[in-house]
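Undergrad: My structure is below; once you've seen it, I'll send some questions.
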Amino acid sequence: MATEKIGRTLLVAAAVALGCSAMVSLAIQFLRPVQDAYAQLGRNRAVLAAAGELPETVSDRMVVSRYLDLDVRMVDMSSQVFVDSSPVGDARLYDHWALGEGSPLLLHVSAEATSDQPSLLPRYVPVYLVWEGQTLHRLVLPIHGQGMWSTIYAYLALNGDLSTVAAMQVYRHGETPGIGDRIEDPKWLSTWIGKRVYDDTGRSQLHVTRGSSDSPYRVNLITGASVTSEALGNIVRFWLGPQGYGPLLQALRGSTLPLNPP
Amino acid sequence: MNYRQYLTRPLLDENPITVQVLGLCSALAVSRSLRPALIMAASVFCVLVFSNLAVSLLRGVLPRSIRLILEVTIIASAVIVVDETLKAYAPDISQVLSVFVGLIITNCIVLGRAEAFAMRHGPLESVADAVGNGAAYAGILLLVAAIRETLGSGTLLELPILPTTASGGWYPPNEMMLYAPSAFFIIGLLIWGVAAWRHKANRSPHSELETQPAHLKYQETAG
């Protein structure tokens with residue numbers, strides 16, 4: 001074998017790297033629309049599951065049509081009221097989690113004691129209402145925040161009383177496969193059902209802690225995935241607190257904000 | 001050797017899993033049920049064929065000093081494309097397989113064939129070799145997955161085969177089959193069986209003396 005010239009070695013290395021990256025970028029470019037469609041479907045599914053409207057076997061088409069049937073309201077997080085029209089268009093299609101950094105639709109909130117929670121919140125957030133006749137049956141709230149390694153995105157459904165948990169649904173996360181991803185376990189998520197999110201003084205009080213899951217304000221953490229499951233508790237507490245949906249829910253409970261079926 | 005031998009030798013005599021003991025991690029991890037194993041086998045197959053073909057075509061220009069790096073670059077690119085394709089068209093299975101599709105990069109079978117075979121053979125021979133080895137890997141993976149799913153869940157491709165006691169049948173599922181160690185046992189038994197069979201075949205007066213092909217010496221048993 002002839003001795004190798006450095007120039008040629010570098011040239012071949014660059015050519016192979018260029019060829020490979022071109023192949024990867026092209027593939028991703030072509031596949032992105034399909035992946036996005038599936039991501040949208042997954043989000044619809046998660047919302048429906050939290051709303052209690054997802055039957056066990058259901059076609060993709062049914063998921064979409066049932067999702068579009070939901071009563072969606074847009075919440076303006078700066079004034080904590082429902083808004084009829086917002087600059088982001090159709091609330092059913094709007095994904096407030098897809099906002100890029102530096103988007104004008106992000107809102108600065110003063111980070112207090114909960115420093116591990118987002119200091120930038122989306123200005124407009126879609127929430128989903130499930131009606132039973134004239135009374136509110138469930139309110140599905142999107143929540144997100146820092147897990148152990150990644151941002152956890154989830155849907156929390158409250159009962160019509162707006163102070164007990166109806167369902168908890170983890171939508172997306174990047175926690176450790178096989179360990180942190182046990183927060184998706186339906187068995188564990190079902191232990192959230194019926195927990196109280198506010199104490200008598202109206203403070204957001206739901207915690208994920210070790211032991212004593214008898215308390216209405218406590219969810220037992222997952223052994224082996226304690227950091228991730230505790231983080232989910234922190235996220236819920238933050239989003240139901242004063243910087244999240246707290247004021248909105250208080251107004252709705254106190255009927256100072258009128259709420260009527262569509 | 002002719003093309004037919006390149007295709008058939010890996011299936012038994014030079015099987016990458018049972019004889020060369022390569023690619024075990026994924027064989028252990030994704031063999032719990034048949035459907036993800038099918039997708040995994042297809043993914044490894046595609047990566048193997050692509051990398052063998054690409055390396056074989058480039059074997060004249062790849063500088064010796066950095067050939068391994070370039071081989072891994074080619075393999076890694078193919079794996080990313082396969083991973084993204086799965087995320088687009090089989091998102092559920094992609095989630096089950098999670099990191100193991102990405103880990104095909106470190107599957108010793110792929111780098112082993114690229115380095116030991118494709119670097120010294122033409123494109124057609126290399127593709128034949130990749131097809132043979134891919135099929136051999138798939139065969140073992142699917143066999144292990146079929147055994148584990150049948151005994152562990154009483155189903156095959158999620159269709160009930162053995163009626164489990166939970167659903168009113170007579171078969172109490174063997175839960176151990178759902179955990180990785182059971183794959184160790186099954187693959188161990190397979191390796192034993194194949195080794196015993198080869199031993200017996202080699203002692204018969206008509207067979208040629210078995211000699212390990214020289215290129216096998218390059219392969220490691222870490223993946």
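Undergrad: For region B:97-129: of the residues being open to solvent by 50 Å² or more (accessible area, probe 1.4 Å) and facing chain A (nearest Cβ under 10 Å), which is farthest from A:Arg32 (Cα to Cα)?
TA: Here the residue is B:Phe100.
Undergrad: Looking at B:Val19, B:Val61, which one is surrounded by fewer than 23 Cβ atoms within 10 Å (Cβ to Cβ) and without any contact (Cβ under 8 Å) to a residue 12 or more places away in the chain?
TA: Details: B:Val19 fails: without any contact (Cβ under 8 Å) to a residue 12 or more places away in the chain.
Sole residue among the options that is surrounded by fewer than 23 Cβ atoms within 10 Å (Cβ to Cβ) and without any contact (Cβ under 8 Å) to a residue 12 or more places away in the chain: B:Val61.
Undergrad: Contact list please: Cβ distance under 6 Å, first residue in region A:5-32 and farther than 18 Å from B:Ala78 by Cα, second residue open to solvent by 60 Å² or more (accessible area, probe 1.4 Å) and of a type outside the set (Lys, Arg), pairs at least six apart or on different chains.
TA: Once the first residue is farther than 18 Å from B:Ala78 by Cα and sits in region A:5-32, its partners that are open to solvent by 60 Å² or more (accessible area, probe 1.4 Å) and of a type outside the set (Lys, Arg) give A:Val12/B:Val61.
Undergrad: What pairs come out if I take residues in region A:251-262 that are farther than 15 Å from A:Val83 by Cα and in contact (Cβ under 8 Å) with a residue 60 or more places away in the chain and pair them with residues that are open to solvent by less than 100 Å² (accessible area, probe 1.4 Å) and among the aliphatic types (A, V, I, L, M) whose C-beta lies under 7 Å away, six or more apart or interchain?
TA: If the second residue must be open to solvent by less than 100 Å² (accessible area, probe 1.4 Å) and among the aliphatic types (A, V, I, L, M), the pairs left are A:Arg253/A:Leu162.
Undergrad: Pull up region A:219-234, narrow it to residues that are of a type in the set (Ser, Thr, Tyr) and either open to solvent by 10 Å² or more (accessible area, probe 1.4 Å) or more than 15 Å from A:Trp149 (Cβ to Cβ) (or both), then point me to the one that is nearest to the chain's Cα centre (by Cα).
TA: A:Ser226
Undergrad: For the list (1) part of a helix (DSSP H, G or I); (2) surrounded by fewer than 13 Cβ atoms within 10 Å (Cβ to Cβ), I need the number of the one condition that A:Val34 fails.
TA: A:Val34 satisfies every listed condition except (2).
Undergrad: Can you tell me which condition A:Ile6 does not meet? The list is (1) among the β-branched types (Val, Ile, Thr); (2) in contact with a Pro (Cβ under 7 Å, 6 or more places away or on another chain); (3) more than 7 Å from chain B (Cβ to nearest Cβ), and all the others hold.
TA: Single failed check for A:Ile6: (2).
Undergrad: Right, something else. Does B:Ala88 qualify as being open to solvent by less than 10 Å² (accessible area, probe 1.4 Å) and either without any contact (Cβ under 8 Å) to a residue 24 or more places away in the chain or facing another protein chain (nearest Cβ under 8 Å) (or both)? First the steps, then the outcome.
TA: On the way: open to solvent by less than 10 Å² (accessible area, probe 1.4 Å): yes; either without any contact (Cβ under 8 Å) to a residue 24 or more places away in the chain or facing another protein chain (nearest Cβ under 8 Å) (or both): yes.
Considered against the rule, which asks whether it is open to solvent by less than 10 Å² (accessible area, probe 1.4 Å) and either without any contact (Cβ under 8 Å) to a residue 24 or more places away in the chain or facing another protein chain (nearest Cβ under 8 Å) (or both), B:Ala88 comes out as yes.
Undergrad: Filter region A:87-119 down to the residues that are within 21 Å of A:Leu232 (Cα to Cα) and modelled with pLDDT under 85 and list them by number.
TA: We begin by selecting, within region A:87-119, every residue within 21 Å of A:Leu232 (Cα to Cα); these are A:95-98, A:109-119.
Selection gives A:Val109, A:Ser110, A:Ala111, A:Glu112, A:Ala113, A:Thr114, A:Ser115, A:Asp116, A:Gln117, A:Pro118, A:Ser119.
Undergrad: Continuing with the same structure: Of the residues that make up region A:227-241, is at least one in the same structural domain as A:Pro126 (by TED's automatic domain parsing), among the polar types (S, T, N, Q) and assigned to a loop (DSSP other than H, G, I, E, B)?
TA: Let us first name the residues in region A:227-241 that are in the same structural domain as A:Pro126 (by TED's automatic domain parsing), namely A:227-241.
Subset that is among the polar types (S, T, N, Q): A:228-229, A:234.
This time we only want the ones that are assigned to a loop (DSSP other than H, G, I, E, B), so: none.
Looking for residues that are in the same structural domain as A:Pro126 (by TED's automatic domain parsing), among the polar types (S, T, N, Q) and assigned to a loop (DSSP other than H, G, I, E, B), one finds none in region A:227-241, hence no.
Undergrad: Just a yes or no: is a residue in region A:163-177 away from chain B (no Cβ under 14 Å), open to solvent by 40 Å² or more (accessible area, probe 1.4 Å), under 19 Å from A:Tyr198 (Cβ atoms) and touching a strand residue (DSSP E or B) at 6+ places or on another chain (Cβ under 7 Å)? Give the derivation first.
TA: Taking region A:163-177 as the starting set, the residues that turn out to be away from chain B (no Cβ under 14 Å) are A:163-169.
Of the ones still in play, those that are also open to solvent by 40 Å² or more (accessible area, probe 1.4 Å) are A:169.
Now drop any that are not under 19 Å from A:Tyr198 (Cβ atoms), which leaves none.
Looking through region A:163-177, none of the residues is away from chain B (no Cβ under 14 Å), open to solvent by 40 Å² or more (accessible area, probe 1.4 Å), under 19 Å from A:Tyr198 (Cβ atoms) and touching a strand residue (DSSP E or B) at 6+ places or on another chain (Cβ under 7 Å).
Undergrad: Take the residues of region B:46-85 that are more than 10 Å from chain A (Cβ to nearest Cβ) and polar (S, T, N, Q): which is nearest to B:Ala130 (Cα to Cα)?
TA: B:Asn52
Undergrad: Check A:Ser119, A:Ser190, A:Ser150 and return the single one that is open to solvent by 10 Å² or more (accessible area, probe 1.4 Å) and touching a residue at least 12 places away in the same chain (Cβ under 8 Å).
TA: Values: A:Ser119 fails: touching a residue at least 12 places away in the same chain (Cβ under 8 Å); A:Ser190 fails: touching a residue at least 12 places away in the same chain (Cβ under 8 Å).
Result: A:Ser150 is the single residue among A:Ser119, A:Ser190, A:Ser150 that is open to solvent by 10 Å² or more (accessible area, probe 1.4 Å) and touching a residue at least 12 places away in the same chain (Cβ under 8 Å).
Undergrad: Inside region A:40-60, can you point out the residues that are within 10 Å of another protein chain (Cβ to nearest Cβ) and without any contact (Cβ under 8 Å) to a residue 40 or more places away in the chain? Step through it out loud before you land on a result.
TA: We begin by selecting, within region A:40-60, every residue within 10 Å of another protein chain (Cβ to nearest Cβ); these are A:41-42.
Across region A:40-60, the qualifying residue is only A:Leu41.
Undergrad: How many residues does region A:133-144 contain that are at pLDDT below 90 and part of a strand (DSSP E or B)?
TA: Step one: list which residues in region A:133-144 are at pLDDT below 90, which gives A:133-135.
Filter again for part of a strand (DSSP E or B), leaving A:135.
Of the residues in that region, 1 qualify.
Undergrad: Hey, another quick one. Given the residues A:Leu221, A:Leu189, which is the only one that is within 30 Å of B:Val96 (Cα to Cα) and in contact with an Asp or Glu (Cβ under 7 Å, 6 or more places away or on another chain)?
TA: Details: A:Leu189 fails: in contact with an Asp or Glu (Cβ under 7 Å, 6 or more places away or on another chain).
Residue meeting the stated conditions: A:Leu221.
Undergrad: Those residues that are part of a loop (DSSP other than H, G, I, E, B), under 16 Å from A:Gly246 (Cα atoms) and open to solvent by 40 Å² or more (accessible area, probe 1.4 Å), I need them from region A:72-106; list them, please.
TA: Narrowing region A:72-106 to residues part of a loop (DSSP other than H, G, I, E, B): A:77-80, A:84-95, A:99-105.
Going one step further and asking which of them are under 16 Å from A:Gly246 (Cα atoms), we end up with A:77-80.
Within region A:72-106, A:Ser78, A:Ser79 qualify.
The values are calculated or read from the model by the stated rules, or taken from the named source; none is laboratory data. A quick note: this is a predicted structure, and the numbers were derived from the prediction, not measured. So basically every Cβ, Gly included, is an ideal-geometry build from the backbone, and we count neighbours across all protein chains shown. For accessibility, only protein heavy atoms count, side chains too; no ligands or nucleic acids. Shrake-Rupley method; radii C 1.70, N 1.55, O 1.52, S 1.80 Å.
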